[in-house]
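Structure first, commentary second.
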Amino acid sequence: MTEKLYDQDAYLHEFTAVVKSCETVKNGFAVELDRTAFFPEGGGQAADTGTIGNARVLDVQETEGRILHLTDRALTVGETVSCALDFEQRRRRMQNHSGEHILSGTVHRLYGLNNVGFHMGEDCMTVDFDGELSAGELRLAEDEANAAVRENLPIRCFFPKPEELETLSYRSKKELEGAVRLVEIPGVDLCACCAPHVRRTGEVMLVKILTAERHRGGVRLTLLCGLDALEDYRRRQAESSEVSHLLSVPKEQIAEAVKKQLAQQAQQKERIAALSLALVQSMADAFSETAENIVCFDKLLDEIAQRELVNRLTAKCRIAAVFCGNDSDGWRYIIGSRSVNLRAEAKTLNAGMQGRGGGSPTMLQGRASADAETIRRFIETFGNIDTSDKMYKNCEGKGNLF
């Protein structure tokens, strides 16, 4: 059995070990050492990475009592090798995990809620509690957790004797068998946990709740601690500075400035919608009623205005087709008819326009890649209609039609 150095000293990040076995596996090599400071994935925390000799450690898993290190190259069995953890990564994870214990213990003490789910990702941690918490309750829990950080309390990781364990009241998300490792923060938390932790709460630096959302009848929190929380604050500060600069307002006035911008945008959207309808009516008026097909092209209409134009034109003709875009980037099309089953004709229409799309018997929409002139000729003659006396108009110089 591999000696677990991480249980003895969470700060040990360089050590020597003997290679007990090395097996070829799917993504590299599974290496077993006689002792290791590499923490295997467990308890919601990812495995440590680093090096064993000249091999890179990509993952560590504990399987059937064996701790296996996934490496990118083979190692010689029986060789004594120098090992090194990516300790900055380990330190940040310890800060986050210890901070999570502080917050979870605080929530349990204040509100009687249990931590029923924990995951530490690369960007943040998530913690699930079996009950809901108000904004005020979360604020108090965060304040109390950071008070525990400031007190710089000792964090003790230990394996109590079975008779001692029976007398202790500790948090645990599942029934445990065998030796139980407890993490104790005096007056704050006592919890079963297999992961490495910092020595004192002061090393956590900061506990910051980022978001809270309802989850399976309880609440899911995302949070950051330590150096990760500091870096997150720096990113947010840089972003707020950039937004402040773009809006030409002090940082403390960003929210009000954004509200003002949104109100102005809403007014502009209303004005644009009104102008679009006026433009659509003008474009529709440019066509006389006909038994033939009408086709027109535009560069500016949005999809709503395009659909409205088709609706107005279908009252005047057999098939109305409106194309928005250009020859280089292709055309967004909407085709309407009150007399032709367009769904039945969709395959033929798309083939003639080099297009893709579909819809209902009265309306099709999609995209076409043929050039405008090819599309115009195809739509004008679609259905073998006599085109000797077309009523559609070539609208160059009339808005965006041509």
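Going residue by residue through the stretch 25-46, is there one that turns out to be in a strand (DSSP E or B), in contact (Cβ under 8 Å) with a residue 60 or more places away in the chain and not charged (D, E, K, R)? Checked against the condition, which is being in a strand (DSSP E or B), in contact (Cβ under 8 Å) with a residue 60 or more places away in the chain and not charged (D, E, K, R), the stretch 25-46 yields at least one hit.
Scan the stretch 354-402 for residues that are at pLDDT 50 or above and either open to solvent by 80 Å² or more (accessible area, probe 1.4 Å) or in a loop (DSSP other than H, G, I, E, B) (or both) and the total you get is 14. Only one of the listed residues (T16, T76, T49) is open to solvent by 70 Å² or more (accessible area, probe 1.4 Å) and either of a type in the set (S, T, N, Q) or under 30 Å from P154 (Cβ atoms) (or both). That residue is T76.
Within the stretch 251-274, is even one residue at pLDDT below 95, under 30 Å from G383 (Cβ atoms) and out of contact with any strand residue (DSSP E or B) (no Cβ under 9 Å at 6 or more places or on another chain)? Scanning the stretch 251-274, I find no residue that is at pLDDT below 95, under 30 Å from G383 (Cβ atoms) and out of contact with any strand residue (DSSP E or B) (no Cβ under 9 Å at 6 or more places or on another chain), so the answer is no.
For first residues located in the stretch 280-298 and over 17 Å from I319 (Cβ atoms), partners that are of a type in the set (V, I, T) and surrounded by fewer than 19 Cβ atoms within 10 Å (Cβ to Cβ) and lie 6+ apart or on another chain with Cβ distances below 9 Å do not occur.
Aliphatic (A, V, I, L, M) and in a loop (DSSP other than H, G, I, E, B): is that true of L301 in this structure? Yes. Residues that are outside any strand (DSSP E or B), farther than 25 Å from G121 by Cβ and touching a Lys or Arg at 6+ places or on another chain (Cβ under 8 Å) within the stretch 47-61 comprise just one, N54. Is it true that some residue in the stretch 100-109 is open to solvent by 50 Å² or more (accessible area, probe 1.4 Å), farther than 30 Å from I209 by Cα and outside any loop (DSSP other than H, G, I, E, B)? No. When T16 is tested against (1) assigned to a strand (DSSP E or B); (2) within 28 Å of K174 (Cβ to Cβ); (3) of a type outside the set (A, V, I, L, M, F, W, C), exactly one condition is not met: (2).
Against the test of being among the aliphatic types (A, V, I, L, M) and either in a helix (DSSP H, G or I) or farther than 27 Å from A47 by Cα (or both), the options L210, L223, L230, L176 yield a single qualifying residue, L230.
Figure legend. Inter-residue proximity from the stretch 68-82: first residues touching a residue at least 12 places away in the same chain (Cβ under 8 Å) and within 13 Å of N54 (Cα to Cα), second residues of a type in the set (S, T, Y) and open to solvent by less than 80 Å² (accessible area, probe 1.4 Å), beta-carbon distance below 7 Å, spacing 6+ or different chains. Indicated pairs: T80/T16; V81/T16; S82/T16.
Within the stretch 208-215, is there a residue that is over 23 Å from D48 (Cβ atoms), open to solvent by less than 30 Å² (accessible area, probe 1.4 Å) and at pLDDT 95 or above? Within the stretch 208-215 (the criterion being over 23 Å from D48 (Cβ atoms), open to solvent by less than 30 Å² (accessible area, probe 1.4 Å) and at pLDDT 95 or above), the answer is yes, since at least one residue qualifies.
I'm told S248 meets every condition in (1) under 30 Å from E308 (Cβ atoms); (2) surrounded by fewer than 10 Cβ atoms within 10 Å (Cβ to Cβ); (3) of a type in the set (G, A, S) except one. Can you identify the failing condition by its number? S248 satisfies all of (1) under 30 Å from E308 (Cβ atoms); (2) surrounded by fewer than 10 Cβ atoms within 10 Å (Cβ to Cβ); (3) of a type in the set (G, A, S) except (1).
Condition test on R200, is it modelled with pLDDT of 95 or more and either open to solvent by 70 Å² or more (accessible area, probe 1.4 Å) or touching a strand residue (DSSP E or B) at 6+ places or on another chain (Cβ under 7 Å) (or both)? So R200 passes the test.
Of all residues in the stretch 119-169, those being among the hydroxyl-bearing types (S, T, Y), part of a loop (DSSP other than H, G, I, E, B) and either open to solvent by less than 50 Å² (accessible area, probe 1.4 Å) or under 19 Å from V107 (Cα atoms) (or both) number 2. If you go through the stretch 326-351 and keep only what is crowded, with 17+ Cβ neighbours inside 10 Å, in contact with a helix residue (DSSP H, G or I) (Cβ under 8 Å, 6 or more places away or on another chain) and closer than 17 Å to C296 by Cα, you end up with W331, R332, Y333, I334, I335, G336, S337, L349.
Residues in the stretch 290-314 that are open to solvent by 50 Å² or more (accessible area, probe 1.4 Å) and modelled with pLDDT of 95 or more: R307, E308, N311, R312.
Among the criteria (1) over 30 Å from L246 (Cβ atoms); (2) not in a strand (DSSP E or B), the one Q268 does not fulfil is (1). Please work out if V280 is farther than 20 Å from F378 by Cβ, assigned to a helix (DSSP H, G or I) and open to solvent by less than 50 Å² (accessible area, probe 1.4 Å). Taking the combined requirement at face value, the residue satisfies it. Here L68 passes the criteria (1) open to solvent by less than 50 Å² (accessible area, probe 1.4 Å); (2) modelled with pLDDT under 95; (3) of a type outside the set (D, E, K, R) except the one numbered (2).
The values are calculated or read from the model by the stated rules, or taken from the named source; none is laboratory data. In this text the structure is predicted, and so the values were computed from the model without any measurement. Positions of Cβ are backbone-derived with ideal geometry, glycine not excepted, and every protein chain shown enters the neighbour counts. Heavy atoms of the whole protein, side chains included, go into the accessibility calculation; ligands, DNA and RNA do not. Shrake-Rupley method; radii C 1.70, N 1.55, O 1.52, S 1.80 Å.
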